[in-house]
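Some notes on the structure that comes next.
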Amino acid sequence: MLSIHKLKKQYGSHLILDVDLLQFDSGLYWVKGANGSGKSTLLKILGGIIPFQGEIEIGSTSLKKQTTEYRRLVSYVEAEPLYPPFLTGSDLISFYSTTRNASKEQVKELTEKFNIQYFVQNPIGTYSSGMVKKLSLVLAFLGNPKYILLDEPLVTIDKDSVPILLALVRKYSNEGMNFIFTSHQAFEATGLAPIQELEVKNARVCFR
Amino acid sequence: MLPVTKVLVSIIVKKFYERNAGLFFFIFYLMFAIVEPNQIVGFHRSLIYGTLSSTVFLLVVMGVWCLYAIKYLQFILVEFDQPQNKFLLELSKLSPSKLFWSILLTVTLVYEPVLIYSVFIVFFGFASHHYWPTIAVIVFHSCILISTSFLLARRLNLPHEKTNFSFFPTVRWPWPKPVPIFYISQLVNQLPTVLFFTKAFSVFAIYGFMQIPLDHYEPRVALLGLLIGLASHSVIIFELRKFEDTYMRFLRGMPISLPERFLKMALVYSVLLLPEIGMLALRGVHVLDLTGAVVFATAYLTLIHCKLFQSELNMGKHTNWTLGLFLISFMLVLFNIYLIETVLMWGLAYFWLNRDYYRYEI
């Protein structure tokens, strides 16, 4: 279980998140909210990317106390990821595979599913934003994280890739992985169910 | 003043003097403040006389001017590449001669401190009938100004050349790339000019210091040269931190421990120092002193990198801080207590990284 205790996040004097207690059990979660409400900030905090006040734990593994262990349990992808343009997709896949102990079979499966094997040897600087997004999704699934945090996963990828992504989410979810998404697109229409909805509003995060 | 020159002065010239205010203060202190006021004229007359009457001394002085030219050229090229200065590419729509003269004026203003001192050299040279060295000084400055202006105008006219142009051969790394290679690749691929000029300046500074004639072996001379070279790395460190914040954000979410991150960072800088290590070894620095110098230099650069996790990236603050560290280190090397400083720098660097890495707001 991923639990948040007494979380506070401010940008200057602007309070963006103020969560007393929030728990994500197993399953799929869809975080909704208006632009600037703090959805992406919440995911970045859960991903261990930005500082915050409070405590976050997965089971008994604390993000602040067991930073490396915690990071092994989560995988976070930004809405518009940026990678060094001179590296190839393969460079990054190798790097992630090493740090997350991903098998060659898993790499093969994911690159083929997302159909990125044709350009993955080229420098990332030559990719379109959709290609970068697909690469980032492959990276997110690598290894065996407990929680995969996807910020706007449906943005910039083409129509054909959406069902592939959803099928992968279903498959990995059945194998015990948990997902937290933010999205402005309706997940009800994707057939991804059961999905639990949350809303970020006035710095609070509540289940709907 | 033409509108174009006005823009170039505010973007390049003012910024150059603001960034290097500390360096100018240091040089001014060395040239004027350490001499008794009643001996200043005599001191500079002797200095100028020495420059004009000895070919070796003249070449050394020209070498120092060359370093200054490399420094401003590197600065301007980096400024041209800043996203907020991309509009300067509009200048390429000017006629070639107009563009050249605008840049020549900008470069001349940046080169002014050297030119002002050289006016006295030229005046004294003609008055004391040292015609050939005086003409050599005039020709040298003309060549520096014209060649750097030409190079800068070319960069504005042909910005696309940058991607195809590299001082370094492209080497394909056949194995999975470790993190330090990401950083080195960023410099080699995206900032080859900055890397080349920094390394050239640094190696040349060591070489220049080791030309000082001494009657016995003195490793501190090499260290002072190395220290000046290290100070020139401040732009590289800043650019690597910017690279981290822009393209390496994903690294923060990776399961890598802080000691490992620290070692990887130190490894990046020790690899970057290979040319300096080579120069020190070639100039006959003893193995033990060389080892000490490498550990000192790596700690110096790593410390500056770790300092940049304390607050939002700000070039002005960064420059002031690096200058402060340079001045302190200069004194500690002079007093031969740099080994204590090395230990302190390693400790402080790790302490800062441990305290600030995850507190830093991307």
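What follows draws every value from the coordinates through simple rules; no lab data is involved. All values derive from a computational prediction rather than experimental measurement. All Cβ positions, glycine included, derive from the backbone under ideal geometry; neighbour counts span all protein chains shown.
Couple of notes before you dig in:
- Of every Cα-Cα pair in chain B, the percent that sits beyond 35 Å: 30 percent
- Beta bridges per DSSP with both ends in the protein assembly as shown, % antiparallel, nearest 5: 55 percent
- Backbone N under 15 Å from the B:Asn314 label point (7 Å along Cα→Cβ), restricted to segment B:1-42: B:19
- Excluding same-chain neighbours fewer than eight residues apart, the lysines reachable from B:Lys15 by a Cα-Cα span under 30 Å are B:Lys6, B:Lys71, B:Lys86, B:Lys93, B:Lys98, B:Lys162, B:Lys199, B:Lys242, B:Lys307, B:Lys317.
- With eigenvalues of the C-alpha gyration tensor scaled by 5 and rooted, the protein assembly as shown, Å: 53, 26, 22
- Applying 0.36 nm per residue to the separation of B:Trp175 and B:Val41 and subtracting their alpha-carbon distance, the gain on full extension is 42.0 nm.
- Under the span-like rule (Cα at least 15 Å along the axis, Kyte-Doolittle mean at least -0.5), DSSP H helices of chain A: A:89-100, A:129-141, A:161-174
- Distance between segment B:314-355 and segment B:109-133 - C-alpha centres, whole angstrom: 37 Å
- Panel note: the C-alpha atoms of segment B:1-165, placed on their principal axes, show extents of 50, 33, 32 Å (largest first).
- Ordering A:Pro81, B:Ile362, A:His184 by the projection of their Cα atoms onto the charge dipole of the protein assembly as shown, which places +1 on the Cβ of Lys and Arg and -1 on the Cβ of Asp and Glu, puts A:His184 at the extreme positive end.
- Residues with amide H under 5 Å from that of A:Lys201, placed H, sequence gap 5 or more: A:Cys206
- Considering only Cα atoms, the convex hull volume of segment B:168-362 works out to 126 Å³ per residue.
- Label-to-label distance for B:Asn85 and B:Ser97 is 2.8 nm, based on points extended 7 Å past Cα in the beta-carbon direction.
- Mean Kyte hydropathy of 1.0 or more with a Cα span along the axis of at least 24 Å, helices from DSSP in chain B: B:55-81, B:131-157, B:192-209, B:287-307, B:315-334
- Solvent-free Debye scattering, log10 I(q)/I(0), computed from the Cα coordinates of segment B:218-271 at q = 0.16, 0.18, 0.22 Å⁻¹: -0.64, -0.75, -0.94
- Förster radius 35 Å - calculated FRET efficiency between B:Ser128 and B:Leu263, Cβ distance, rounded to 0.05: 0.05
- Distance (nanometres) between label positions extended 7 Å along Cα→Cβ at A:Glu112 and B:Lys6: 6.5 nm
- Modelled FRET efficiency - R0 60 Å, B:Leu214 with A:Gln10, Cβ distances, 0.05 increments: 0.55
- 5 angstrom amide H check on A:Asn178, placed H, neighbours 5+ away: A:Tyr147, A:Ile148
- By other beta-carbon atoms within 10 Å, ranking A:Glu105, A:Glu112, A:Glu199 with the fewest at the front produces A:Glu105, A:Glu112, A:Glu199.
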